[in-house]
Amino acid sequence: MAIMDLEYIEIDGLLYPNIEIGGSEILKNLGKYGRLRLEYLHGFKQEMYRELLFSGKLAEHCATVDMRAFERAERIRADYLKQHPMPEEDALERINVSTQAQMIADEIVTAELIYQ
């Protein structure tokens with residue numbers, strides 16, 4: 001692990017590291033998969049989270065994962081719907097097929113891209 005030289009600010013006789021989180025606007029605009037990745041890193045991969053945070057690459061990493069995961073989920077969902085076409089007349093069955101496709105896509109994407 002690399003040692004970083006930090007600037008400090010003195011407040012009431014105590015020194016606090018002067019850390020600015022880059023990409024905070026990107027973090028606010030993350031999609032579903034990017035937020036899941038951020039929460040996973042924060043909760044279970046603290047060392048990787050801190051490394052990305054202090055290097056200023058956390059927002060970029062989460063945005064990249066969000067984009068890749070969304071694209072992968074869309075491909076999986078489209079492939080599922082090709083194999084299981086939606087019925088024309090039964091609206092409830094159309095909802096069930098669409099929901100099933102999204103659930104399968106979410107499960108695969110979270111296992112392959114989010115929780116690794």
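The values are calculated or read from the model by the stated rules, or taken from the named source; none is laboratory data. Nothing here was measured: the structure is a model prediction, and the numbers come from that model. Virtual Cβ from ideal backbone geometry, glycine too; neighbours counted across all protein chains shown. All accessible areas refer to the heavy atoms of the entire protein, side chains included, with ligands and DNA or RNA removed. Shrake-Rupley method; radii C 1.70, N 1.55, O 1.52, S 1.80 Å.
Observations on the model:
- Each of V97, Y8, Y115 was scored by the projection of its Cα onto the charge dipole of the chain, and the greatest displacement toward the positive side belongs to V97; charges sit on the C-beta of Lys, Arg, Asp and Glu.
- If a spin label sat at a point 7 angstrom from the Cα of R35 along the line to its beta carbon, the backbone N atoms of segment 45-70 nearer than 18 Å would be those of 59-70.
- The chain - mean residue ellipticity at 222 nm from DSSP helices (-39,500 (n - 2.57) per run, n ≥ 4, rounded to 500): -20500 deg cm²/dmol
- Whole-number percent relative contact order across segment 21-116, with pairs defined as alpha carbons under 8 Å at least 6 apart: 33
- Surface share of carbon and sulfur [accessible, 1.4 angstrom probe, percent] for the chain: 53
- Between F54, F44, F70, the Gaussian network model of the chain with springs among Cα atoms under 10 angstrom shows the greatest mean-square fluctuation at F44.
- If the segment from F54 to E7 were pulled out straight at 0.36 nm per residue, it would be longer than the present Cα-Cα gap by 15.6 nm.
- Dipole magnitude (debye, nearest 20) for segment 1-98, charges at Cβ of Lys, Arg, Asp, Glu: 400
- Kirkwood hydrodynamic radius of the chain, from the reciprocal of the average inverse Cα-Cα distance over all distinct pairs: 16.8 Å.
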